[in-house]
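No lab work stands behind these numbers, since they all come straight from the coordinates. Given the structure is predicted, the values throughout are model-derived calculations rather than measurements. For neighbour counting, all protein chains shown are included, and Cβ atoms are generated from backbone atoms with ideal geometry for every residue, glycine included.
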Amino acid sequence: MNIKNIEEFHPRAQKCAYLFIMPSLIILTVFVFIPLAASFVISLLNINIFMNDISFGGFVNFIKLLSDGRVLNATINSFYFTLLEVPVQIGLALILAMYVARNSRYTKMLRSFYYLPFICSMTAIGIIWSMLLDPNLGFIPYLLKGIGLESVSFLKDPYLAMPTVIAVTAWKGFGYTLTLLTAAILNISASLYEAAEIDGAGAWKKYTHITIPGIFSTLSFCIVTTTISSLQVFDQTYVMTQGGPLRKTETLVQYIYDRGFQTAPYDLGYASAISTYLFLIIVIIIFILRKFILNRGETVNE
């Protein structure tokens, strides 16, 4: 193909590419970009769920959230959840990935088994675990009593409620992370491990010098996506603890739902302001992760 044909081909290829990405762009525009813009506009208004007495409030809602103790509490709880859940989920997936990164029937069965909780509804899983952990009727407290231990109120203890929700969330989500990491490990050339063995490298050195650099881009992706989902945690805390006890598990998304749709006067403007506040937190954190993790991954791959 000569230069003239290439120049004629590129415009056609670009048009075809835009046609292929058009459905995704439409979906993102309708369900992401427009709601984001609408949320910011609503945050500047005094408006309730019934759309009565709408007035422009400017940045009053943003000033209000700065002095709202529940916003501070929900922010701390969201960070607490994220700072524990992300390392637990990623760490558990990394450890197990080394054992299931083989193409045998047994490891394939294990990968499918670990992935099953991820495809289940978080609401359903939350209800099931709430029943299992119930201090009066739950199976787990019953087992603890059977071995001579005192019954523990996992979801009603202010100090145990959030760690319990974190453990359930990590158990549900690590199968997805495990699948991605396993696929990345299987994509690493076996010749690298063979060369390392010839040089006398042990399992730990092969893991740190071959496996981790080889899957760093996938690992970075998992860290970013897990962080975003953790900061937006809602289903499990709402179903398992309703934000209690003593609001120790109330997160930002749950507080947004409470102010906008659950507790009168259903202040949509204030709820939208908190949503914008959460969005800015996520943007800042992803920028930091991009700066210090994703760029490092690109350097390692080079």
To the nearest 20 debye, the range 67-301 has a Cα-centred charge dipole, built from +1 on Lys and Arg Cβ and -1 on Asp and Glu Cβ, of 340
Asserting the computed 222 nm helical MRE of the chain (DSSP H runs at least 4 long, -39500 (n - 2.57) per run, divided by residue count, to nearest 500) equals -22000 deg cm²/dmol
Output for the range 150-214: GluC sites (Glu not before Pro) sitting in coil per DSSP, at most 15 other Cβ within 10 Å, listed by number, reads Glu150
Magnitude of the Cβ-charge dipole (Lys and Arg +1, Asp and Glu -1) of the range 201-274 about the Cα centre, nearest 20 debye, reported as 420
Placing +1 on each Lys and Arg Cβ and -1 on each Asp and Glu Cβ in the range 67-301, then taking the dipole about the Cα centre, the residue among Gly173, Gly200, Ser78 whose Cα reaches farthest towards the positive end is Gly200
Dividing the mean separation of Cα pairs under 8 Å (6+ apart) by the residue count of the chain yields a relative contact order in percent of 28
The answer for the chain, counting only DSSP H helices whose Cα atoms cover 18 angstrom or more along the axis and whose Kyte-Doolittle average is 1.0 or greater, is 69-100, 161-186, 216-231, 268-289
If one builds a Gaussian network model of the chain from Cα atoms under 10 Å apart, the most fluctuating residue listed among Lys248, Lys64, Lys15 is Lys15
Computed from every Cα-Cα pair in the chain, P(r) in 20 Å bins starting at 0 and rounded to whole percents is 25, 49, 24, 3, 0
